[in-house]
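Novice: Please read through the structure below; I'll follow up with questions.
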Number of protein chains: 4
Amino acid sequence: MKDIEEITAKLIEFRNERDWEQFHNPKDLAVALNIEAGELLEAFLWKSHEEAKPEKVKEELADVLAYAFLLAEKYGFDVKQILLEKIGKNAEKYPVDKAKGTATKYNEL
Amino acid sequence: MKDIEEITAKLIEFRNERDWEQFHNPKDLAVALNIEAGELLEAFLWKSHEEAKPEKVKEELADVLAYAFLLAEKYGFDVKQILLEKIGKNAEKYPVDKAKGTATKYNEL
Amino acid sequence: MKDIEEITAKLIEFRNERDWEQFHNPKDLAVALNIEAGELLEAFLWKSHEEAKPEKVKEELADVLAYAFLLAEKYGFDVKQILLEKIGKNAEKYPVDKAKGTATKYNEL
Amino acid sequence: MKDIEEITAKLIEFRNERDWEQFHNPKDLAVALNIEAGELLEAFLWKSHEEAKPEKVKEELADVLAYAFLLAEKYGFDVKQILLEKIGKNAEKYPVDKAKGTATKYNEL
């Protein structure tokens with residue numbers, strides 16, 4: 001079994017043991033992901049990235065990923081496939097010759 | 001090669017072709033992840049989860065995951081391992097007998 | 001003195017007594033505002049809006065507003081004026097005859 | 001009439017003309033505020049705060065404030081009062097002698 005499937009299976013098992021599927025509708029999963037994204041950001045507040053504690057980043061990033069995988073599972077998305085599709089779309093929005101070395105957003109390129 | 005490694009390799013290749021590593025410090029990656037998390041949330045704004053468009057959810061979730069994988073790579077985190085560790089910690093914070101069927105936060109259980 | 005000026009003066013006084021202006025650059029203020037916005041959202045996680053505790057909403061909303069006023073002050077924005085300008089712009093993006101009774105985003109109206 | 005009351009009255013008028021109160025439950029207002037907070041953050045992405053465009057900051061900050069005022073109105077909060085209360089609480093969490101010149105969070109002071 002592949003990585004993402006294995007992680008997702010563990011997350012689902014954890015959820016089901018606690019009878020939490022009733023709370024895990026897609027909207028609340030997206031809300032939960034945003035809350036965790038905010039906690040991840042807190043690792044960098046008032047400081048340079050060198051000063052952020054990797055342990056804090058690790059914990060909060062894991063929470064973000066957990067909700068991302070649970071949300072993908074809810075919709076039956078194949079995580080690898082949706083990432084590869086998105087990379088393909090971004091390659092069109094950000095062609096190498098225009099985007100190289102600049103952080104400008106695609107609609108201003 | 002495993003799923004997550006393969007996706008991450010593609011993301012790094014995309015980034016390097018555009019010479020974007022200079023912008024991708026951990027703090028800005030966490031900022032980018034938060035912006036994408038907000039766009040994901042927009043799929044559910046003013047509506048029930050049934051009304052959200054899966055296509056929009058898919059695109060924004062892919063963006064969130066992309067920055068999550070890039071941030072993990074920056075710190076050298078093994079995504080599978082940090083998820084499994086976090087599930088272990090959460091199992092202690094939310095023991096089945098106390099947490100079953102309730103959405104109460106661990107510090108109020 | 002008007003409300004917003006009075007609140008802002010208090011926030012600046014609080015900040016200066018603690019010698020915190022050194023941390024309060026606009027980027028970190030925007031980061032802080034996002035973290036607090038996430039905490040506000042937590043008041044509604046896994047629940048309907050009727051179940052959210054007003055006391056929690058009040059505290060987190062106050063934090064969001066504090067950083068919003070501090071950020072406005074940094075740029076010398078007049079909060080009342082920028083709000084009235086924005087309402088004017090939104091009135092053009094969402095004309096009453098098209099937008100009435102629908103939550104559709106302006107670019108899809 | 002005071003600043004905040006005047007702004008809030010305008011926001012309510014704008015909302016009611018469009019018959020949008022039906023969408024503006026507290027949970028979705030908090031969701032909307034988070035989305036706008038993410039857009040505000042985008043003004044600073046991949047750049048130092050000096051490079052952010054004040055015009056973009058102004059627009060997004062106005063959106064954040066609009067939802068914050070609408071949410072306060074929903075709960076009948078007096079914005080000035082909740083801010084002054086919060087400043088009072090923070091003064092206890094961050095006493096000047098301990099907090100001066102340090103960005104450390106109160107629970108680690």
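The values are calculated or read from the model by the stated rules, or taken from the named source; none is laboratory data. Predicted model, so just to flag it, every value in this text is computed and none were measured. Here the Cβ is made from the backbone with ideal geometry for all residues, glycine too, and neighbour counts use every protein chain on show. We work out accessible area using only protein heavy atoms, side chains counted, and drop any ligands, DNA or RNA first. Shrake-Rupley method; radii C 1.70, N 1.55, O 1.52, S 1.80 Å.
Novice: Given the DSSP H assignment, sum -39500 (n - 2.57) over each helix run of at least 4 residues in chain C and divide by its residue total; what's the result at 222 nm in deg cm²/dmol, nearest 500?
Specialist: Rounded to the nearest 500, it is -22000 deg cm²/dmol.
Novice: Taking the Cα atoms only, what angle lies between the long axis of helix D:26-42 and the longest principal axis of chain D, rounded to 10 degrees?
Specialist: Compared with the principal axis, the helix lies near 60 degrees.
Novice: Using the structure shown, select from C:Lys93/D:Lys53; A:Lys47/D:Lys27; B:Lys53/C:Lys80; B:Lys10/D:Lys105; A:Lys105/C:Lys80 the pairs with a Cα to Cα distance greater than 28 angstrom.
Specialist: The pairs that break the limit, which is 28 Å between Cα atoms, are A:Lys47/D:Lys27; B:Lys53/C:Lys80; B:Lys10/D:Lys105; A:Lys105/C:Lys80.
Novice: Next question. Given the protein chains as shown and a 1.4 Å probe, how many square angstrom of A:Glu39 are accessible, to the nearest 10?
Specialist: 50
Novice: Can you give the accessible area buried between chains D and C, summed over both chains, with a 1.4 Å probe, in Å² to the nearest 100?
Specialist: Rounded to the nearest hundred, the buried surface is 5900 Å².
Novice: Further question on the same structure: Can you pull out the trypsin sites (Lys or Arg not before Pro) in the range A:31-109 whose DSSP state is coil and whose Cβ has at most 16 other Cβ atoms within 10 Å?
Specialist: A:Lys47, A:Lys100, A:Lys105
Novice: Right, something else. Kindly tabulate the residues in the range C:1-37 with an accessible-area decrease of at least 50 Å² between the chain alone and the assembly of all protein chains, using a probe of 1.4 Å.
Specialist: C:Asp3, C:Ile7, C:Phe14, C:Arg18, C:Trp20, C:Phe23, C:Lys27, C:Asp28, C:Val31, C:Asn34, C:Ile35
Novice: Label position 7 Å from Cα toward Cβ: report the copy-to-copy distances for D:Glu21 in nm, one decimal, ordered from shortest.
Specialist: Between copies, matching label points for D:Glu21 lie 4.0, 4.5, 5.8 nm apart.
Novice: Rg and Dmax of the range C:47-109 over Cα atoms: what are they, in angstrom?
Specialist: Considering the range C:47-109 through its Cα atoms, Rg and Dmax are 16.3, 39 Å.
Novice: Can you pull the percent of the protein assembly as shown's accessible area that's carbon plus sulfur, 1.4 Å probe, other chains left in place?
Specialist: 46
Novice: What do you get for Rg/Rh of the protein assembly as shown when both radii come from the Cα atoms and Rh is the Kirkwood radius?
Specialist: Result: Rg/Rh = 0.95.
Novice: May I ask you to derive the relative contact order of chain D, considering only C-alpha pairs under 8 Å and at least 6 residues apart, and to give it as an integer percent? Please report the intermediate quantities before stating the final value.
Specialist: Numbers: 48 pairs, mean separation 30.3, N = 109.
Taking the mean separation of contacting Cα pairs over the length of chain D, I get 28 percent.
Novice: Still on this structure: Quick one: check the C-alpha center-to-center distance for the range A:1-53 versus the range A:62-93, whole angstrom.
Specialist: Centre-to-centre distance over Cα atoms comes out at 14 Å.
Novice: Per-residue accessible area for A:Ser48 at 1.4 Å probe radius, Å² rounded to 10?
Specialist: Roll a 1.4 Å probe over it and A:Ser48 shows about 40 Å².
Novice: How many Cβ atoms of partner chains, on average, are near each residue of C:89-98 if near means within 10 Å of its Cβ?
Specialist: Counting Cβ atoms of other protein chains within 10 Å of each residue's Cβ and averaging gives 2.
Novice: Enter the angle in degrees (range 0 to 90, nearest 10) between the Cα long axis of helix C:54-75 and the first principal axis of the Cα atoms of chain C, meaning the one along which they spread out most.
Specialist: So the helix axis and the longest Cα principal axis differ by about 80 degrees.
Novice: Cross-link candidates for D:Lys100: which aspartates and glutamates have Cα within less than 15 Å, leaving aside residues fewer than 8 places away along the same chain?
Specialist: Excluding near neighbours in sequence, the set is C:Glu13, C:Glu17, C:Asp19, C:Glu21, D:Glu92, D:Glu108.
Novice: In the neighborhood of A:Ala62, defined by Cβ-to-Cβ distances under 10 Å, what is the net charge if each Lys or Arg adds +1 and each Asp or Glu adds -1?
Specialist: Every neighbour counted, the sum reads -2.
Novice: Send over a whole-number figure in Å² for the accessible area per residue of the range D:2-75, probe 1.4 Å. Please list the in-between numbers first.
Specialist: Working: 2660 Å² over 74 residues.
With the other protein chains kept in place, the range D:2-75 gives 36 Å² per residue.
Novice: Looking at the calculated P(r) for chain B, what percent of the C-alpha pair distances fall above 18 Å?
Specialist: Percentage above 18 Å: 64.
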